[in-house]
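Step one of this worksheet: look at the structure below.
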Amino acid sequence: MSVRCKFKLESIKRTASNGASIEMTPVASGSEENKQFFKWTPSGRIEFATVNEAAIEKLEIGKEYYIDITPAG
């Protein structure tokens with residue numbers, strides 16, 4: 001079983017280690033789909049760091065992304 005969330009990329013902050021800190025928040029409006037996601041996930045935050053430049057380049061501030069949570073193992 002997995003759970004799907006929808007988050008908006010709020011910031012990409014470059015770090016001293018040539019990577020980036022990524023911050024995302026749940027979607028709240030903008031479409032009927034977003035309203036449904038917001039209904040079940042009204043607040044929160046995802047923050048992670050990466051040094052994978054190829055991954056950083058694919059991310060765009062203000063864009064919405066699906067986050068799938070699937071058990072490992």
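Every number in this text was worked out from the coordinates using simple rules, so none of it is lab data. Quick caveat: nothing in here was measured; it's all calculated off a predicted structure. Reconstructed Cβ throughout: ideal geometry from the backbone, glycine too, with neighbour counts over all protein chains shown.
Tabulated data
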quantity: Filtered residues of segment 50-62 (kept if surrounded by 10 or more Cβ atoms within 10 Å (Cβ to Cβ) and part of a loop (DSSP other than H, G, I, E, B)); calculated: V51, N52, L59, E60, I61
quantity: Residue in segment 27-49 that is within 11 Å of the chain's Cα centre (by Cα), of a type in the set (K, R) and either assigned to a strand (DSSP E or B) or surrounded by 10 or more Cβ atoms within 10 Å (Cβ to Cβ) (or both) present; calculated: yes
quantity: So K8, is it outside any loop (DSSP other than H, G, I, E, B) and over 14 Å from the mean Cα position of the chain (by Cα); calculated: no
quantity: Residue list for segment 1-23, filter: surrounded by 11 or more Cβ atoms within 10 Å (Cβ to Cβ), farther than 22 Å from A72 by Cα, touching a residue at least 24 places away in the same chain (Cβ under 8 Å) and not β-branched (V, I, T); calculated: K8, L9, E10, S11, G19, A20, S21, E23
quantity: Close pairs (6 angstrom Cβ cut-off, 6 or more residues apart or separate chains): within 20 Å of N18 (Cα to Cα) in segment 39-59, among the aromatic types (F, W, Y) and loosely packed, with under 11 Cβ neighbours inside 10 Å anywhere; calculated: none
